[in-house]
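Beneath this line is the structure, given in structure tokens, with notes to follow.
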Amino acid sequence: MRDVQNEKPIYPIYISRVGVRNIKRRIILEAPKRRLYFDATLDVYVDLPAERRGVHMSRNIEAFIEAIDAVRLKPLPTMEEILDTICDILLKKHEYASRAEVIAKTTYFYTETFLGIPAEEAADVVIKVAKTREGDVTYVVKVGLSGITVCPCAQETYRSIEKTKHPHAPSHTQRAKLYLSIETKRVFVRIEKLIEAGKAAFSAPTLSLLKRVDEYRLVKHSFENPRFVEDVARAALCNLYRIV
């Protein structure tokens, strides 16, 4: 049978990423303390040389299924290792490719202890592994979480006009979204570390459930800690550098 993908293209141009997106699977991790289950959405890519017309797209799905099935029999401790394994299988199945890339998007639930009582909150997580046939491997971990910011400019304007030095002067607040990303050369970085760095950067965290007294404590704390989004970005970077 004629292999159309292996034909010469009309325009011999190299393509850096060809693949499939939004594959939904449950992934099992064998963490140090307990087994973890993640419902993840994955994007799977390989590159395409200029002299080849197309990729065998079904091989991307085969590689993914093969890796996930193997992990179910023998779970790995980190998401990065699973994605690394998928990259290996992709490069094996696509002998013409020089690079493979797998991206996993999921939700990570963490414990927020701001009020002294543990509460479960959620963060968006993206993990990417890119691997070349020569063995160069890059890990990228990205975390997105929400927090409260209180505008220091509006607060200072109120103090100036009202001629008061009250520490809890009125201001306007925002629900901000912070994204922290770190790239390494095959070095594992714990998601909890990025979340810890991000949470501490806001005027205050956001919480899913608040009683009246808890709400008072949260608002009081945020107005005592006014920050621009620029302050949040810089604080998150400094926290990340210190923690990681």
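Each value in this text was obtained by applying a stated rule to the coordinates, not by laboratory testing. Since this is a predicted model, take the numbers as computed values, not measurements. Quick reminder, even Gly has a Cβ in these numbers, built from the backbone with ideal geometry, and neighbours come from all protein chains shown.
Using C-alpha positions alone, give me the convex hull volume of region 163-244 per residue in cubic angstrom.
Residue-normalised Cα hull volume stands at 116 Å³.
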Whole-angstrom gap from region 1-17 to region 44-84, using each part's C-alpha centre: 20 Å
query: Could you list, bin by bin from short to long, the percent of Cα-Cα pairs of the chain in 5 Å steps?
result: 1, 6, 11, 13, 14, 12, 10, 9, 7, 6, 4, 3, 2, 1, 0, 0, 0
task: Would you please name the GluC sites (Glu not before Pro) within region 117-201 that are DSSP coil residues with at most 14 other C-beta atoms within 10 Å of their C-beta?
output: GLU134
message: Counting pairwise Cα distances across region 61-107, what percent come out greater than 16 angstrom?
response: 36 percent
- prompt: Cα-Cα over 27 Å: which of LYS24/LYS128; LYS105/LYS199; LYS128/LYS220; LYS33/LYS211; LYS74/LYS128?
  reply: LYS128/LYS220; LYS33/LYS211
message: What does the net charge come to around GLU192 if you take all other residues with beta carbon closer than 15 Å to its beta carbon, with K and R at +1 and D and E at -1?
response: +1
task: Go ahead and set up a Gaussian network model of the chain, Cα springs under 10 Å, then flag whichever of ALA122, ALA50, ALA104 fluctuates most.
output: ALA50
- prompt: Which GluC sites (Glu not before Pro) in region 1-99 pass both tests, a DSSP loop state and at most 12 other beta-carbon atoms within 10 Å?
  reply: GLU7, GLU51, GLU95
message: Just to confirm the filter: which trypsin sites (Lys or Arg not before Pro) across region 116-184 are DSSP coil and have at most 16 other Cβ within 10 angstrom of their Cβ?
response: ARG133, LYS163, LYS165
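What's the Cα-based Rg to Rh of region 9-106, Rh via Kirkwood?
Rg divided by Rh gives 1.04.
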Kirkwood Rh, Cα atoms: Rg over Rh of region 79-220: 1.18
